[in-house]
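The values are calculated or read from the model by the stated rules, or taken from the named source; none is laboratory data. If you're wondering where the values come from, they're calculated on a predicted model, not measured in any experiment. We place every Cβ from the backbone using ideal geometry, glycine too, and count neighbours over all the protein chains shown. Side chains included, ligands, DNA and RNA excluded: accessible areas come from the protein's heavy atoms. Shrake-Rupley method; radii C 1.70, N 1.55, O 1.52, S 1.80 Å.
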Amino acid sequence: FQQVPTFFWVTLGVGVVLAEVSRINTAWQSPFDAERLFLLKDAHVPGDYGWDPLGFGKGKSTNDMKSIRMKELNNGRMAMIAIAAMVGQELNTGVNVLLGDAALNQGELANLEAKCAFAADEAACSKAFEAAMATL
């Protein structure tokens with residue numbers, strides 16, 4: 001993640017802010033008009049923002065749509081946990097989770113994989129791989 005240019009992170013941050021502002025304006029009541037803070041609009045259905053370009057929701061019953069929305073929420077949650085785990089692994093070990101193109105094209109990956117398969121200390125093998133990549 002450290003190898004990604006700053007411009008990407010700034011662009012991603014601006015995109016997230018714009019998406020969240022749109023979501024807030026669509027789903028939440030104004031805090032100045034509501035009797036309490038953090039109230040959803042009465043007519044709002046969580047997860048329904050009117051964007052269905054492929055028409056997956058057409059012709060579906062209310063129960064089917066509830067099931068589909070719950071499955072989508074669970075898949076999104078699992079994806080967030082997986083990404084957080086990948087970032088945590090990189091921060092903990094200092095080893096990149098996703099290898100660069102140079103490693104895949106040099107054959108060094110296959111050699112180290114064969115050497116480190118079922119090794120007791122995989123972290124040491126990862127460090128050896130990083131050291132080998134530094135010499136390229």
What FRET efficiency, computed as 1/(1 + (r/R0)^6) with R0 = 41 Å and r the Cβ-Cβ distance, is obtained for D48 and N92, rounded to the nearest 0.05?
0.60
Here the FRET efficiency for A79 versus L39, based on Cβ atoms and R0 = 30 Å and rounded to 0.05, is 0.60
For W28, enumerate residues with amide H under 5 Å from its amide H, sequence gap 5+ or separate chain, H modeled in the peptide plane.
K41
At 1.4 Å probe size, with the rest of the protein present, what percent of the exposed accessible area of the stretch 1-80 is carbon and sulfur atoms?
65 percent
